[in-house]
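Remarks on the structure that follows.
The values are calculated or read from the model by the stated rules, or taken from the named source; none is laboratory data. Please read all numbers here as calculations on a predicted model, not as lab measurements. Cβ coordinates were reconstructed from backbone atoms using ideal geometry, including for glycine residues, and neighbour counts include every protein chain displayed.
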Amino acid sequence: MECFTPFRLLYLLLVLSIATSASMAEDLGTYIIHMDKSTMPLTFSSHHDWYLSMLSSMSSSDGVHPTHLYTYNHVFDGFSAVLSQEHLDQLERMPGFLAIHADTFGRLHTTRSPRFLGLDKNAGSWPEGKFGEDVIIGIIDTGIWPESESFKDKGMGPVPDRWRGACESGVEFNSSYCNRKLIGARSFSKGLKQQGLIISTPDDYDSPRDFFGHGTHTASTAAGSPVRDANYFGYAKGTAIGIAPKARLAAYKVLFDNDTYTSAASDTLAGMDQAIADGVDLMSLSLGFEETTFEQNPIAVGAFAAMEKGIFVSCSAGNSGPEAYTMRNGAPWITTIGAGTIDRDYAADVTFGGGILTIRGRSVYPENLLVSNVSLYFGRGNRSKELCEDFALDPKDVAGKIVFCYFNQSGGVSQMREVDRAGAKGAIISSDSEFFIFPSFFFIPLVVVTPEDGDLVKDYIIKSENPAVDVKFLITVLGSKPAPQVAWFSSRGPNNRAPMILKPDVLAPGVNILAAWAPKFALTRVGDNGLLTDYILLSGTSMSSPHAVGVAALLKSAHPDWSPAAIRSALMTTAYVLDNTIGSIIDMDTGVAATPLDFGAGHINPNMAMDPGLIYDIEVQDYINFLCGLNYTSKQIKIISRRSKFTCDQANLDLNYPSFIVLINNNTNTTSYTFKRVLTNVVNSPSVYRASVKQPSGMKVNVQPSVVSFAGKYSKAEFNMTVEINLGYARPQSEYIGNFGYLTWWEVNGTHVVKSPIVSAFAL
């Protein structure tokens, strides 16, 4: 018979204690609690005290007490806390309780661009918008590197009196780092820490300091001060300058290094809440959460509160393209930005056989390396070697050579690792994918050529007895064509939560954007050495959102009375849909003309947006009517709007939006819909406009009235537009666009042109 010694008994008790503690820990979770503030007892002086009292009154059988994280004052009425199931059960029975959501996690959507946008210091939206002077932009991101030259405050006046924010101290971040350019910096990490994340150097900073560099990049893109001779290891050399260079910046760090750079919803809401309290005029968020109903989406909830206070919110559309219905941040009170290319490319010249053939390929290899008369290898006849698949290359065949291979679907990183593993000197890859231009892939010499040029390379290798190659790197090409193109990764519409609103709204530069970086983070390696840099090239809709918010800052400076919807309308109705070859903007993924499901109303045009002529404005009540039209419950609407008293008598899905989309049931190819819109004149003079419709085959459009008149500034005119769709075919597989045209209001005896896309699309 087995007996228990004192030691074994003590061991058993220890195991049981650990198991019990683990069970208790597993039972705890972080939650966001929505409350009806109107039910707060009069005995409390603030809702914060009310929430703390509720938490302190809770009990549990294991003796664990709730932990309060944040009280939200602006984005919604409520708080976040760490609670057990017993706590949740008690909370749901308390007066004023509305709803509870478990904490969720969002992810990042990771000098030439101002010139590409047509910004000129002597004319247009820069001087008219006073370069964004004294407009305050809140960047909700990974923090900021305050020492960057892009955040110097030379020539800037005193901080506006209306600013209520602060610069908080923390690990390697002192409040004195803020200045007249960077006027605020805070960090929010309580939600992530409850998930077990330990924030400590060298992995990250428990402070507003940016470890990763993403927030520094987006902030400097939006409003960076001019920096001469900025470059990425010789590429893109020039003056780096933000879109609104005289705007003020406030950084709110909500993303930390936890392998995937996720953000807790509770932290994101806290950052947005604080930005509203501090007095920002605009916000940019280059991150997104899984698409849910709007009341469960932290960015949608926070952005609604910001919109109510006149704060313009720009968000990245996401990097899940090119498939349809991949859109993020699609709430109609958010301006959603897709990513496009600019007319700057980075290249290397490749010469074969001492001059027999010369090809210009794409490259951002960060060294001034001259490859001269190096042997060329191609695994002809062996498909695995042709594709540089894992462990396919034999070091005896490729050591010291340049390897030519075709793109494979596993991606460029794995191919480069295979080339490196086998001891090759570098690679030439044939691909039409921009996937290869991310700097982090260039840890060995690499040049990407088009499939057509790849065929020429293959023919040369086959015909040559001793194929050899010379390569010259560090070439920057300006004025490349065609541009812009829709980036292949940019998420496409419609938005599956509100497909009756065309998304994205507009396209902005988002491919290979040069901006400031955190100089201690080595995103790029060459061999075993990490390369540190003050400026870097990044791609993603993360880069397009700060471009848009920068332009919005210029508009806000010139037109301080414009609402967020008015600013978005100006961006949309003046956007362009032709590239620099005067052809239709191309979809980089397909190589053919893109559609409004890819680029929305088109590519932003700051100079035209400054003077749009007419706008489509939207009031807060219109958004509430829209939520009613979505059949949201009173509880859902109350969570988003923080209103206890409202009715759905005017429920309506037809917002006064500057674009039009008709959804087609998959079982049919015909439908019709009548839109109702109100135009507002924003010019200091009377005007008359005439409607013109570009309608493709299968679309019939009738606008009534077709002529509208305005007595003066802020006068309004209504019109109806009936769209009839008869496609004559069923939805093609994996294709959701039906057809599209445009409604244009032309000013009679004037220069203003107000253009909106009309789209038919198949429902999911």
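List the helices (runs of 4 or more DSSP H) that sit entirely inside the range 556-648 and contain at least 3 residues that are surrounded by fewer than 24 Cβ atoms within 10 Å (Cβ to Cβ), out of contact with any helix residue (DSSP H, G or I) (no Cβ under 8 Å at 6 or more places or on another chain) and not basic (Lys, Arg).
Working: elements: 564-573, 596-599, 606-609, 620-629, 634-641.
By residue number, 620-629.
How many residues are touching a Lys or Arg at 6+ places or on another chain (Cβ under 7 Å) and among the small types (Gly, Ala, Ser) if we restrict to the range 716-753?
Going through the range 716-753 one residue at a time, the tally reaches 1.
Restricting to the range 713-744, what's the tally of residues that are over 15 Å from residue 599 (Cα atoms) and part of a strand (DSSP E or B)? Working first, answer last.
Taking the range 713-744 first, the residues over 15 Å from residue 599 (Cα atoms) are 713-735, 738, 743-744.
Still in the list and also part of a strand (DSSP E or B): 716-726, 738, 743-744.
Total satisfying the criteria: 14.
Can you tell me which residues in the range 275-333 are within 19 Å of residue 566 (Cα to Cα), touching a Cys at 6+ places or on another chain (Cβ under 8 Å) and assigned to a helix (DSSP H, G or I)?
303 - this is the single residue of the range 275-333 that is within 19 Å of residue 566 (Cα to Cα), touching a Cys at 6+ places or on another chain (Cβ under 8 Å) and assigned to a helix (DSSP H, G or I).
Would you call residue 270 under 21 Å from residue 333 (Cβ atoms), touching a strand residue (DSSP E or B) at 6+ places or on another chain (Cβ under 8 Å) and either of a type outside the set (Phe, Trp, Tyr) or not in a strand (DSSP E or B) (or both)?
Details: under 21 Å from residue 333 (Cβ atoms): yes; touching a strand residue (DSSP E or B) at 6+ places or on another chain (Cβ under 8 Å): yes; either of a type outside the set (Phe, Trp, Tyr) or not in a strand (DSSP E or B) (or both): yes.
Criteria met by residue 270.
Of the residues that make up the range 685-694, is at least one farther than 23 Å from residue 618 by Cα and in contact with a Lys or Arg (Cβ under 9 Å, 6 or more places away or on another chain)? Full working, then the answer.
Filtering the range 685-694 down to residues farther than 23 Å from residue 618 by Cα leaves 692-694.
With in contact with a Lys or Arg (Cβ under 9 Å, 6 or more places away or on another chain) added as a condition, the list becomes none.
Scanning the range 685-694 turns up no residue that is farther than 23 Å from residue 618 by Cα and in contact with a Lys or Arg (Cβ under 9 Å, 6 or more places away or on another chain).
Got a number for residues in the range 26-44 being under 27 Å from residue 646 (Cβ atoms) and over 37 Å from the mean Cα position of the chain (by Cα)? Don't jump to the end; show me each part of the working.
Taking the range 26-44 as the starting set, the residues that turn out to be under 27 Å from residue 646 (Cβ atoms) are 31-42, 44.
Pick out the ones that are also over 37 Å from the mean Cα position of the chain (by Cα) and you get 39-42, 44.
Of the residues in that region, 5 qualify.
Give 683, 688, 678 a once-over and let me know the one that is part of a strand (DSSP E or B), more than 31 Å from the chain's Cα centre (by Cα), farther than 24 Å from residue 739 by Cα and not polar (S, T, N, Q).
Values: 683 fails: part of a strand (DSSP E or B); 678 fails: more than 31 Å from the chain's Cα centre (by Cα).
One residue alone meets the criteria, 688.
Out of all the residues in the range 464-483, is one or more over 30 Å from residue 653 (Cα atoms), out of contact with any Pro (no Cβ under 6 Å at 6 or more places or on another chain), of a type in the set (Phe, Trp, Tyr) and crowded, with 23+ Cβ neighbours inside 10 Å?
First, the residues of the range 464-483 that are over 30 Å from residue 653 (Cα atoms): 464-483.
Remaining after also requiring out of contact with any Pro (no Cβ under 6 Å at 6 or more places or on another chain): 464-483.
Filter again for of a type in the set (Phe, Trp, Tyr), leaving 473.
Filter once more, so that each one left must be crowded, with 23+ Cβ neighbours inside 10 Å: 473.
Yes: one or more hits.
Check whether at least one residue in the range 745-755 is within 33 Å of the chain's Cα centre (by Cα), closer than 23 Å to residue 587 by Cα and part of a strand (DSSP E or B), and report yes or no.
Checking the range 745-755: at least one residue is within 33 Å of the chain's Cα centre (by Cα), closer than 23 Å to residue 587 by Cα and part of a strand (DSSP E or B).
Residues of the range 726-764 being farther than 22 Å from residue 326 by Cα, of a type in the set (A, V, I, L, M) and modelled with pLDDT of 95 or more, which ones?
Within the range 726-764, 743, 748, 753, 754 qualify.
Which condition does residue 342 not pass, out of (1) outside any strand (DSSP E or B); (2) in contact with a helix residue (DSSP H, G or I) (Cβ under 7 Å, 6 or more places away or on another chain); (3) closer than 30 Å to residue 733 by Cβ, if it passes all the others?
Here residue 342 meets the rest and fails (3).
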